[in-house]
Amino acid sequence: MPIPGSGLAKGLAVTLRTMTKRSHTAQYPEVQPQLPPRSRGVIGLFEENCTVCMLCARECPDWCIYIDSHKETVPASTPGGRERSRNVLDRFAIDFSLCMYCGICIEVCPFDALFWSPEFEYAETDIHELTHERDKLREWMWTVPAPPALDPAAEEPKEVAAARKAVEKAEAAAAAAAAAAAAEAETPATPEADA
Ligand code: SF4
Ligand code: SF4
């Protein structure tokens, strides 16, 4: 059972505390705000990773991702092999006047083609300009911060482990080839060979 008037007392305590603090006004745009690196400012597109699977456009609650593509036939890479067809991206655009910055598109993209950038200074006087086409979305990629460092105790990611093993194997093969070449160069020539 709350004590009568305790709410009022708490409210007055908050008022008194706030009254004694200096107010702080950020002088934007003269002074840039210190935003956390993972702020949701704008979305960048890494086009090379996009397979035009359409998952992001389907899952976007605002239907503000526009994707156009066409199919292309890739000839067989081996004799007797089969031709393959692949999607080619024609248009990728996001309408930031509709986007609600939920991040679902980034979460669902299975190929790591979409990223958050903390950039937020892209206000426009014409609402149509808030639809960013693929070139502009690609430019935002330059402002995407690098991923945080891995936890030292974390397991090595599969891709990194595979790449490291491939490099080690190639280095061992190169070292063995160099050693064999050196040994061959040091072997004295036989008299028959000299004759
Ligand atoms: S952040 Fe949300 S609303 Fe914006 S494009 Fe992605 S899924 Fe759509
Ligand atoms: S989910 Fe990713 S790969 Fe699929 S269309 Fe969207 S950006 Fe491209």
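Any read-out appearing in this document is the output of simple, stated calculations on the displayed coordinates, not a laboratory observation. Note that the coordinates shown come from a computational prediction; the quantities given were computed from them, not determined experimentally. Cβ coordinates were reconstructed from backbone atoms using ideal geometry, including for glycine residues, and neighbour counts include every protein chain displayed.
Return yes or no: is E72 away from ligand 1 (no atom under 16 Å from the Cβ), closer than 21 Å to E47 by Cβ and free of Cβ contacts under 8 Å to residues at least 24 places away in the same chain? Taking the combined requirement at face value, the residue satisfies it. The sole residue among S39, S97 that is of a type in the set (G, A, S), part of a loop (DSSP other than H, G, I, E, B), within 20 Å of K136 (Cα to Cα) and in contact (Cβ under 8 Å) with a residue 60 or more places away in the chain is S39.
Under the condition of being surrounded by 15 or more Cβ atoms within 10 Å (Cβ to Cβ) and polar (S, T, N, Q), the residues counted in segment 83-104 number 1.
Anything in segment 83-119 that is touching a helix residue (DSSP H, G or I) at 6+ places or on another chain (Cβ under 7 Å) and among the β-branched types (V, I, T)? List them, or say none. Hits for segment 83-119 are I94, I104, V108. Please verify whether segment 57-65 includes one or more residues that are touching an Asp or Glu at 6+ places or on another chain (Cβ under 7 Å), within 16 Å of ligand 1 (Cβ to nearest atom), over 13 Å from I106 (Cβ atoms) and not hydroxyl-bearing (S, T, Y). Yes, because at least one residue in segment 57-65 is touching an Asp or Glu at 6+ places or on another chain (Cβ under 7 Å), within 16 Å of ligand 1 (Cβ to nearest atom), over 13 Å from I106 (Cβ atoms) and not hydroxyl-bearing (S, T, Y). Could you tell me whether V160 is over 30 Å from L35 (Cα atoms), of a type in the set (V, I, T) and surrounded by 10 or more Cβ atoms within 10 Å (Cβ to Cβ)? The answer is yes for V160. Residues that are crowded, with 16+ Cβ neighbours inside 10 Å and in a helix (DSSP H, G or I) were ranked within segment 105-115; the one that is farthest from ligand 2 (Cβ to nearest atom) is I106.
Of the helices (runs of 4 or more DSSP H) lying entirely inside segment 116-195, the ones with 2 or more residues being without any contact (Cβ under 8 Å) to a residue 24 or more places away in the chain and within 30 Å of M100 (Cβ to Cβ) are found at 134-140.
Report whether or not V88 is of a type in the set (A, V, I, L, M) and in a loop (DSSP other than H, G, I, E, B). Spelling it out, it is not the case that V88 is of a type in the set (A, V, I, L, M) and in a loop (DSSP other than H, G, I, E, B). When the residues of segment 42-58 are filtered to those that are within 13 Å of the chain's Cα centre (by Cα) and part of a loop (DSSP other than H, G, I, E, B), the one that is farthest from W116 (Cα to Cα) is C50.
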